[in-house]
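What follows is a single structure, written as structure tokens, with notes after it.
The values are calculated or read from the model by the stated rules, or taken from the named source; none is laboratory data. What you see is a predicted model; the values in this text were computed from it and never measured. Reconstructed Cβ throughout: ideal geometry from the backbone, glycine too, with neighbour counts over all protein chains shown. Areas reflect the complete protein model, heavy atoms only, side chains present, ligands, DNA and RNA absent. Shrake-Rupley method; radii C 1.70, N 1.55, O 1.52, S 1.80 Å.
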Amino acid sequence: MVIKKKIVVFGSGSFGTAIANYLACVHGECLIYSRNNQVVHEINYEHKNSYFLGDILLNNNLVATNEINEIKDADIIIIAIPSKSFKDVINKIIKENINQETVFLVATKGLVDGPVELISQYLANQNITKTAFLGGPNFATEIALAKNASMTIATEENDIAIMLEEVFASKTLNISLTDDIVTQQIAGIVKNIIAIKSGILLAEEQGENARAALITDGLNEIVTIAGKLGGRLETILYPSVIGDLILTGYSATSRNTRFGYEFQRHNFSNEFISNYPVLVEGIESARKILKLADFNKKELPIIYDIVSLIQ
């Protein structure tokens with residue numbers, strides 16, 4: 001069933017482009033916003049985003065724009081940007097006087113600053129109440145190639161959950177729903193930190209036993225943090241929690257795992273972090289997450305270990 005909604009993806013990185021391409025295939029149209037004129041031109045005229053997705057051909061129905069006013073009448077805005085840019089982007093969108101009925105679907109994994117808080121808390125403080133959160137496990141290239149995948153949509157609004165499920169579901173994409181927005185957000189944050197540790201274990205040639213134990217311990221740390229913030233234990237069984245943790249932590253192609261591997265090879269150098277050319281959300285998250293609540297090293301040994309290495 002084709003859902004006639006104006007869908008805008010804000011962010012033209014690998015996942016933003018992949019999900020926009022998927023929606024263009026499923027619904028016959030999708031708009032993606034990018035501030036990069038070269039990316040806009042390449043998507044519109046060459047049907048590629050070569051910097052992020054290589055030679056993958058994008059659907060002809062995917063249209064790119066750098067005019068922010070074109071998002072004004074969107075039914076759904078999907079935010080797929082780095083967490084460090086989240087507040088600035090939301091402020092820009094608010095200035096466009098977006099319709100109060102517009103649904104914000106957040107694909108960003110991370111925390112906001114000033115004060116450090118969950119994205120859901122920040123949006124609520126901005127009086128943006130029609131919100132949902134998109135979780136994995138999924139790598140962008142596989143979504144762009146329409147390979148089988150699973151996603152979880154977390155929202156406290158039942159009508160939004162049903163609408164988004166109808167928008168996203170297809171033969172290649174299975175959708176699960178939860179109203180536990182806290183655990184889903186925490187899982188999306190912590191899995192990147194755990195992946196850094198996984199890369200370190202790979203570089204140290206610790207073996208598969210150690211990495212399997214890491215996944216288990218990482219899940220415990222997700223439960224610990226989410227529990228203190230109001231999340232529910234049973235949510236860990238959702239694809240966006242345990243599935244995304246396994247995918248991100250086990251795959252050597254994960255940017256956070258790859259960073260951990262190279263970080264160890266460079267003797268945990270701060271200079272290496274400063275000059276690293278790829279965005280690593282796990283670094284930003286590790287620097288912020290301990291400010292969410294009162295935690296100690298015994299509760300979160302993996303996170304404390306990574307924090308000690310990157311500070």
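For region 44-173, what is the charge dipole size about the Cα centre, in debye to the nearest 20, if Lys and Arg each add +1 at the Cβ and Asp and Glu each add -1 at the Cβ?
With only Lys, Arg, Asp and Glu charged at Cβ, the dipole is about 360 debye.
Roughly how big is region 202-311's charge dipole about its Cα centre, with Cβ charges of +1 (Lys, Arg) and -1 (Asp, Glu), in debye to the nearest 20?
260 debye
What net charge do the residues around ILE76 carry, taking every other residue with its C-beta under 12 Å from that of ILE76, with Lys and Arg at +1 and Asp and Glu at -1?
Local charge sum for ILE76: 0.
Could you give the distance between the Cα centres of region 229-246 and region 44-58, to the whole Å?
33 Å
Once you have a ≥ b ≥ c as the square roots of the Cα gyration tensor eigenvalues for region 81-210, tell me rounded if a/c is under 1.5, and otherwise prolate or oblate according to whether a/b is larger than b/c.
Verdict is oblate for region 81-210.
Once you keep just the Cα pairs under 8 angstrom separated by 6 or more residues, what percentage relative contact order results for region 105-214?
After rounding, I find 22 percent.
Can you find, among LEU31, LEU58, ILE68, the residue farthest towards the positive end of the dipole of region 22-90? Put +1 on the C-beta of Lys and Arg, -1 on that of Asp and Glu.
ILE68
For HIS41, what accessible surface area do you get with a 1.4 Å probe? Give it in Å², rounded to 10.
Rounded to the nearest 10, the figure is 100 Å².
So what's the back-of-envelope 222 nm ellipticity for the chain, counting only DSSP H runs of four-plus at -39500 (n - 2.57) apiece and dividing by all residues, rounded to 500?
Computed ellipticity for the chain at 222 nm equals -13500 deg cm²/dmol.
Do any of LYS147/LYS288; LYS109/LYS291; LYS6/LYS92 go past 24 Å between their Cα atoms, and which?
From LYS147/LYS288; LYS109/LYS291; LYS6/LYS92, over 24 Å: LYS147/LYS288.
Residues with beta-carbon under 10 Å from that of ASP180, excluding ASP180: net charge, scoring Lys, Arg +1 and Asp, Glu -1?
Once positives and negatives cancel, what remains is -2.
How large is the dipole of the chain about the Cα centre if only Lys and Arg carry +1 and Asp and Glu carry -1, each at its Cβ, rounded to the nearest 20 debye?
Around 340 debye, computed over the chain.
For region 7-121, calculate the relative contact order in percent as a whole number, restricting contacts to Cα pairs under 8 Å that are 6 or more residues apart.
It comes to 26 percent, rounded to a whole number.
What residue among SER170, SER251, LEU219 has its Cα farthest toward the positive end of the dipole of region 169-272, where the charges are +1 on Lys, Arg and -1 on Asp, Glu, each on the Cβ?
Positive-most Cα among the choices belongs to SER170.
How large a share of the accessible area of the chain, in percent, is made up of carbon and sulfur atoms when the probe is 1.4 Å and the other protein chains stay in place?
48 percent
Taking a probe of 1.4 angstrom, what is the accessible area of ASP73 in Å², to the nearest 10?
Estimated to the nearest 10 Å², ASP73 gives 100 Å².
Just to verify a number: what accessible area does LEU290 come out at with the full protein assembly present, 1.4 Å probe, Å² rounded to tens?
Here the accessible area works out near 50 Å².
Could you please report the charge total around THR65, scoring K, R as +1 and D, E as -1 over all other residues with beta-carbon less than 12 angstrom from its beta-carbon?
Local net charge: 0.
Pairs of Cα atoms under 8 Å, at least six residues apart: use those to get the relative contact order of the chain, whole percent.
15 percent
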